[in-house]
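Below is one structure, written out as structure tokens, with a few remarks after it.
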Amino acid sequence: MNPFSLEGRTALVTGANTGIGQAIAVAMAQAGADVIAAGRRDCDETLALMGGGRQMRLDFGDPMAARDVFSGERIDILVNNAGIIRRADAVDFSEADWDAVMDTNLKALFFTCQAFARAALPRGRGKIVNIASLLSFQGGIRVPSYTASKHGVAGLTRLMANEWAASGLNVNAIAPGYIETNNTTALRADPDRSRAILDRIPAGRWGRPEDIGQTAVFLAAAASDYINGAVLNVDGGWLAR
Ligand code: NDP
């Protein structure tokens, strides 16, 4: 079998209605997976782009929302992509913005992984791909809860790989650089900031959602079976600078 194929695998992607999550769902469908596009709103556009697949409502307003998702059917691949960001100076940052980001980006991610693992560990096989960030490695500015959550995603990815690798699970993360999505629309609309970012990217371009989609396919496929606990930066060389 082609080690890069996802034929015969079922994949669940969170936050699949738009941006990076949508690109991951489409790339996995193109690689042959049966994809469940999960979102807090409808994923009709993603299903249209995939030319099929299924969708599921999953809103991490309740961080435990996925507790029962994996007991009903065999799901082989979990992609934790849903995420939010809140911006304010650290000195002014509110508890509400701290909790909202930590709940969605970290608590929901961990308990979704836990629910997946409880179903996958007895089978001895499963792939988790978490979406981290450059701010899993760097401090950033005006995004304290986002930085804390994404550092947490990197740490938890390593912990879960440590605990579950011997039982056949792979837990890895992708740390995207600057990617053209809704998340970065305001940044790209600001000519000075946009130019400063572009000047610092060795590849000389912003990332596209598809760049992350293809990497997620690799980390979900047999080709990456010996990769575990990795946090792979896909950033056009940003961190190499
Ligand atoms: P988008 O804002 O386009 O997508 C974020 C996704 O998360 C949306 O589908 C959104 O749903 C979903 N989401 C947010 N809150 C919840 C919730 N409570 N329950 C369920 N789903 C939720 O941004 P991106 O595609 O850029 O971001 C995807 C991931 O990539 C995030 O984890 C982000 O941190 C990460 N990332 C992005 C980078 C970039 O440059 N774009 C760089 C590094 C990391 P809805 O549409 O309903 O809001």
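Does the stretch 29-43 hold any residues that are more than 9 Å from the ligand (Cβ to nearest atom) and closer than 20 Å to Leu109 by Cβ, and which are they?
Val35, Ile36, Ala37
Given the structure, is Gly207 in contact (Cβ under 8 Å) with a residue 12 or more places away in the chain and in contact with a strand residue (DSSP E or B) (Cβ under 7 Å, 6 or more places away or on another chain)?
Working: in contact (Cβ under 8 Å) with a residue 12 or more places away in the chain: yes; in contact with a strand residue (DSSP E or B) (Cβ under 7 Å, 6 or more places away or on another chain): yes.
Yes: the conditions hold for Gly207.
Of all residues in the stretch 222-241, count the ones that are aliphatic (A, V, I, L, M) and touching a strand residue (DSSP E or B) at 6+ places or on another chain (Cβ under 8 Å).
Looking only at the stretch 222-241, we keep the residues that are aliphatic (A, V, I, L, M), and these are 222-223, 227, 230-232, 234, 239-240.
Now drop any that are not touching a strand residue (DSSP E or B) at 6+ places or on another chain (Cβ under 8 Å), which leaves 227, 230-232, 234, 239.
Residues in the stretch 222-241 being aliphatic (A, V, I, L, M) and touching a strand residue (DSSP E or B) at 6+ places or on another chain (Cβ under 8 Å): 6 in total.
Of all the residues that make up the stretch 180-204, how many are touching a residue at least 24 places away in the same chain (Cβ under 8 Å) and of a type in the set (Ser, Thr, Tyr)? Let's see the steps before the verdict.
Kept after step one, since they are touching a residue at least 24 places away in the same chain (Cβ under 8 Å), are these residues of the stretch 180-204: 180-183, 200-204.
After this cut, where a residue has to be of a type in the set (Ser, Thr, Tyr) as well, the list is 181.
The qualifying residues number 1.
Name the residues in the stretch 38-53 that are over 22 Å from Phe4 (Cβ atoms) and surrounded by 22 or more Cβ atoms within 10 Å (Cβ to Cβ), would you? Steps first, answer last, please.
Just the residues of the stretch 38-53 that are over 22 Å from Phe4 (Cβ atoms), to begin with: 38-45, 47-48.
Selection gives Ala38, Gly39, Cys43.
Within 14 Å of the ligand (Cβ to nearest atom) and either more than 17 Å from the chain's Cα centre (by Cα) or surrounded by fewer than 17 Cβ atoms within 10 Å (Cβ to Cβ) (or both), is that true of Ala148? Show your work before the answer.
Working: within 14 Å of the ligand (Cβ to nearest atom): yes; either more than 17 Å from the chain's Cα centre (by Cα) or surrounded by fewer than 17 Cβ atoms within 10 Å (Cβ to Cβ) (or both): yes.
It is true that Ala148 is within 14 Å of the ligand (Cβ to nearest atom) and either more than 17 Å from the chain's Cα centre (by Cα) or surrounded by fewer than 17 Cβ atoms within 10 Å (Cβ to Cβ) (or both).
If a residue counts only when it is over 21 Å from Ala88 (Cβ atoms), which helices (runs of 4 or more DSSP H) contained entirely in the stretch 140-208 have at least 2 such residues? Spell out how you get there, then give the answer.
Numbers: elements: 144-164, 185-189, 191-200.
The helices (runs of 4 or more DSSP H) meeting that bar are 144-164, 191-200.
Scanning for something within 16 Å of the ligand (Cβ to nearest atom), surrounded by 15 or more Cβ atoms within 10 Å (Cβ to Cβ) and under 15 Å from the mean Cα position of the chain (by Cα), does the stretch 181-201 turn up at least one residue?
yes
Just the residues that are touching a Ser or Thr at 6+ places or on another chain (Cβ under 8 Å) and either more than 19 Å from Gly21 (Cα to Cα) or of a type in the set (A, V, I, L, M) (or both), please, taken from the stretch 70-85.
Looking only at the stretch 70-85, we keep the residues that are touching a Ser or Thr at 6+ places or on another chain (Cβ under 8 Å), and these are 73-84.
The answer is Glu73, Arg74, Ile75, Ile77, Leu78, Val79, Ala82, Ile84.
From the list Gly32, Gly83, Gly21, Gly72, which one is in a loop (DSSP other than H, G, I, E, B), within 20 Å of Lys127 (Cα to Cα) and in contact with a strand residue (DSSP E or B) (Cβ under 7 Å, 6 or more places away or on another chain)? Give the derivation first.
Values: Gly32 fails: in contact with a strand residue (DSSP E or B) (Cβ under 7 Å, 6 or more places away or on another chain); Gly21 fails: in a loop (DSSP other than H, G, I, E, B); Gly72 fails: in contact with a strand residue (DSSP E or B) (Cβ under 7 Å, 6 or more places away or on another chain).
Going through Gly32, Gly83, Gly21, Gly72 in turn, just one is in a loop (DSSP other than H, G, I, E, B), within 20 Å of Lys127 (Cα to Cα) and in contact with a strand residue (DSSP E or B) (Cβ under 7 Å, 6 or more places away or on another chain): Gly83.
Taking the stretch 89-133, which residues are outside any helix (DSSP H, G or I), surrounded by fewer than 20 Cβ atoms within 10 Å (Cβ to Cβ) and polar (S, T, N, Q)? Before the answer, list the steps.
Of all residues in the stretch 89-133, those outside any helix (DSSP H, G or I) come to 89, 93-94, 124-133.
Filter once more, keeping what is surrounded by fewer than 20 Cβ atoms within 10 Å (Cβ to Cβ): 89, 93-94, 124-125.
Within the stretch 89-133, just Ser94 meets the criteria.
Return yes or no: is Gly15 outside any loop (DSSP other than H, G, I, E, B), near the ligand (Cβ under 8 Å from one of its atoms) and under 19 Å from Cys113 (Cα atoms)? Step through it out loud before you land on a result.
On the way: outside any loop (DSSP other than H, G, I, E, B): no; near the ligand (Cβ under 8 Å from one of its atoms): yes; under 19 Å from Cys113 (Cα atoms): yes.
Judged against the criteria, Gly15 is not a match.
Out of Val13, Val35, I need the residue that is crowded, with 24+ Cβ neighbours inside 10 Å and touching a residue at least 60 places away in the same chain (Cβ under 8 Å). Which one? Reasoning before the result, please.
Details: Val35 fails: touching a residue at least 60 places away in the same chain (Cβ under 8 Å).
Criteria check complete, one pass: Val13.
Determine whether Ala90 is in contact (Cβ under 8 Å) with a residue 24 or more places away in the chain, away from the ligand (no atom under 16 Å from the Cβ) and farther than 24 Å from Asn172 by Cβ. Spell out the reasoning first.
Working: in contact (Cβ under 8 Å) with a residue 24 or more places away in the chain: yes; away from the ligand (no atom under 16 Å from the Cβ): yes; farther than 24 Å from Asn172 by Cβ: yes.
So Ala90 fits the description; yes.
Look through Ala120, Ala100 and report the one residue that is of a type in the set (Gly, Ala, Ser), free of Cβ contacts under 8 Å to residues at least 60 places away in the same chain, away from the ligand (no atom under 13 Å from the Cβ) and out of contact with any helix residue (DSSP H, G or I) (no Cβ under 7 Å at 6 or more places or on another chain).
Values: Ala100 fails: away from the ligand (no atom under 13 Å from the Cβ).
The conditions single out Ala120.
A short reminder: the numbers here are calculations on the coordinates, not readings from a lab. Source: prediction; values computed, not measured. Positions of Cβ are backbone-derived with ideal geometry, glycine not excepted, and every protein chain shown enters the neighbour counts.
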